[in-house]
Amino acid sequence: MSTIYRGIGIGNTSVQAEAFRIAPRKSLPELAKTFPNVESEMVRYQEALAAFVRQLDAKSAQAQEQSVKEILYAQSVMAQDPELAEMVLQNVKEGWSAESAVQLGMQKFTQELLGASDEFGERVADLREIEYRIIQWLQGDVEEHQLPKTGEIIVVAEDLSPMETATFTDVVKGVVTEKGGPTSHTAIICRQLGIAAVVACTDAMKINNGTSLLVNPTLGTVEIDGTLNANEKPWWHQLPTQANPLAKVFANVGSVKDAQKVKSLNAQGVGLLRTEIFFLNTKTSPTLEAQTDIYSEVLAACPAGEIIFRTMDAGSDKPIAFLNFAREANPALGVRGQRLGKSNPKFFTEQLQAIHNAAIKNNRTNDVAVMAPMIATASEAAEFAKTARQIGFKQVGIMVEIPAVISEIANLKGVVDFISVGTNDLSQYLFAADRQSADLAQLLDPWQPALLKSLKEICTNAKEVGIKVGVCGEAASDPLLCVYLMGIGVTTLSSGAGALTSVQEVVSRITKTQAEAAVKVALAARSAQEAKQFVLASLKN
Ligand code: PEP
Ligand code: MG
């Protein structure tokens with residue numbers, strides 16, 4: 001019997017190629033006081049920093065994806081922040097070697113930049129990357145994974161940083177990582193580039209370089225020496241198209257470029273416009289006019305149809321410098337999303353006004369809707385809806401991300417017009433599993449039976465009071481899962497640009513009978529793996 005490793009699959013088509021293993025990262029050097037000559041040690045640091053910035057520029061030039069270029073640019077800006085250089089200088093003056101000075105400086109810099117000592121997801125990952133790379137340059141030990149220029153490979157790694165994915169070309173057919181959950185950087189990039197991946201594959205590092213691998217993203221499996229069926233097509237390929245699709249296919253947008261891209265892919269609307277993304281590098285609070293301009297620009301690039309702006313979802317993994325944040329031991333459970341409205345009332349009201357102004361400017365007041373993230377109670381929803389309606393919005397909704405609000409849906413009748421399920425956070429709170437945690441990634445698999453049942457409950461509760469249900473979390477970027485979602489009554493699926501075409505193809509083919517049959521079998525499953533297999537099998541019958 002062949003060896004099969006399991007993880008979370010990203011993509012729809014199996015690939016087979018040889019493993020190209022990227023060695024795990026080395027540990028950082030021990031902290032050491034060597035009392036170096038301050039001037040020459042700072043020259044070493046400046047040279048290492050300059051080399052790192054050149055490396056980032058070179059990778060950025062190679063990157064195919066705009067989002068990767070943006071991450072690399074942000075890393076370059078952060079690395080060259082004069083405050084960081086000042087901290088390094090102080091540490092060197094105290095006798096630390098440049099390597100130690102960078103590590104100590106980065107600890108302090110992380111705390112100051114992010115306003116808390118705890119993990120802040122991708123931002124922290126960026127700072128760790130900067131620290132690691134500068135130290136590599138200081139030690140003259142720069143690992144450059146030169147991917148082959150021809151042939152086909154499956155990259156196998158502990159995890160991948162933006163710099164590593166930047167060099168991906170068509171040679172990379174698949175990716176297997178030990179870490180990274182369904183919303184990790186690796187998963188997002190693979191979706192965008194259409195690379196089959198299995199992330200959170202705990203056995204990944206057992207795979208030797210050169211081993212022949214069959215990666216099946218639909219099943220989330222990596223089979224050693226497995227054979228690829230050369231005629232394999234995505235599972236929906238044989239199904240005929242239907243006249244009346246069960247759901248609309250919207251897209252998630254976080255930049256003007258995203259908006260342009262999903263428009264070119266014929267998205268029927270935008271189900272999640274993440275407004276906080278525009279302010280990740282903004283240090284002072286934007287004026288009403290500045291906000292209006294930002295929203296207006298993105299709105300002008302959006303497709304026709306409904307455009308759902310999500311109000312500022314700051315906090316936890318998305319710190320925003322100009323909002324008042326208290327230091328919290330547990331930020332994901334703290335004052336984040338709409339909860340920040342209490343300590344930042346001016347910004348939150350102005351944001352709604354600015355979105356409305358942008359809608360007027362673009363002549364799209366009938367299309368533009370707003371929804372609030374992180375709503376836990378019906379009264380929070382009512383408060384948000386009241387303000388939004390006073391400003392002039394006709395369509396107002398909330399995100400369902402906190403399990404408590406599921407049993408309150410009945411009380412949202414006449415309060416909101418729609419709800420949109422954020423499965424990324426809903427999983428995090430339902431399973432008490434930090435969405436950034438690589439070790440808990442299995443619990444965050446959107447096929448987990450408990451999540452499937454919660455989603456069904458949401459739809460049942462919403463149907464009773466006539467509220468429309470959409471899904472905008474990563475679950476709606478999984479075409480197979482979309483079958484289940486349509487079966488329980490979700491009428492808007494909002495997926496990432498990378499998955500949009502697949503989701504559109506599936507939605508145009510699935511009948512009500514098929515979707516309902518998928519629900520029946522999925523609800524009988526005892527594991528995420530089983531749920532996926534049962535639904536797939538039901539569609540092949
Ligand atoms: C979600 O939580 O599923 C969601 C769509 O919001 P975000 O990922 O931006 O928190
Ligand atoms: Mg969320």
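The values are calculated or read from the model by the stated rules, or taken from the named source; none is laboratory data. Bear in mind that the values here come from a model prediction, so they are computed numbers and not experimental data. Neighbour counts run over all protein chains shown; Cβ positions are idealised from the backbone, glycine included. Ligands, DNA and RNA are excluded from the accessible area calculation, which covers all protein heavy atoms including side chains. Shrake-Rupley method; radii C 1.70, N 1.55, O 1.52, S 1.80 Å.
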- Note on the structure: Given pairs Lys318/Lys532; Lys59/Lys233; Lys59/Lys261; Lys248/Lys532 and cut-off 27 Å on Cα-Cα distance, the over-length ones are Lys318/Lys532; Lys59/Lys233
- Taking all protein chains together and a probe of 1.4 Å, list Ser437, Ser343 from the most accessible to the least accessible. Ser343, Ser437
- Given R₀ = 56 Å, FRET efficiency for Asp81-Asn541 by Cβ-Cβ distance, to 0.05? 0.45
- Query: When Lys and Arg each count +1 and Asp and Glu each count -1, what net charge do the other residues less than 11 Å away from Asn357, Cβ to Cβ, add up to?
  - Reply: -2
- Note on the structure: With the 8 Å Cα cutoff and a minimum separation of six or more residues, the stretch 386-476 has a relative contact order in percent of 35
- State, as an integer percentage, the relative contact order of the chain based on alpha-carbon contacts under 8 Å between residues 6 or more apart. 16
- With all distinct Cα pairs included, what does the Kirkwood hydrodynamic radius of the stretch 440-541 come out to in Å, to one decimal, could you say? 13.6
- The convex hull of the Cα atoms of the stretch 38-139, divided by residue count, gives a volume in Å³ per residue of 86
- Name the residues of the stretch 262-285 whose amide N is less than 15 Å from a point 7 angstrom out from the Cα of Glu112 along the C-beta direction? none
- Message: Loop-only trypsin sites (Lys or Arg not before Pro) in the stretch 300-341, please: DSSP not H, G, I, E or B, and at most 16 other Cβ atoms within 10 Å.
- Response: Arg327
- From most to least accessible, 1.4 Å probe, no ligand or DNA/RNA atoms counted, Ser60, Ser100, Ser407, Ser40 line up as Ser407, Ser40, Ser60, Ser100
- Note on the structure: Between the alpha carbon centres of the stretch 1-46 and the stretch 267-305 the gap in Å comes to 35
- Task: Any chance you could get the radius of gyration and Dmax over the Cα atoms of the stretch 188-230, in Å?
- Result: 11.0, 28
- Task: Normalise the Debye intensity by I(0) for the stretch 285-328, one equal point scatterer per Cα, no solvent, then take log10 at q = 0.26, 0.28, 0.30 Å⁻¹ and round to two decimals.
- Result: -1.04, -1.09, -1.13
- Query: Taking amide H positions as placed 1.01 Å from N in the peptide plane, with prolines and chain starts having none, which residues 5 or more places from Asp367, or on another chain, fall under 5 Å of its amide H?
  - Reply: none
- Relative contact order of the stretch 398-541, pairs being alpha-carbon contacts under 8 Å that are 6 or more residues apart, as %: 23
- Message: Counting only other residues whose beta carbon sits under 12 Å from that of Phe534, what net charge do I get with K and R as +1, D and E as -1?
- Response: +3
- Query: For the stretch 199-299, what's the radius of gyration and Dmax over Cα atoms, in angstrom?
  - Reply: 21.5, 59
- What whole number of Å gives the distance from the Cα centroid of the stretch 47-90 to the Cα centroid of the stretch 378-402? 40
- Note on the stretch 250-374, DSSP bridge orientation, antiparallel percent to nearest 5 equals 10
- Using only Cα atoms, what is the ratio of the radius of gyration of the stretch 250-374 to 2.2 N^0.38 Å? 1.04
- Message: For the chain, report the % of Cα-Cα distances exceeding 38 Å.
- Response: 29
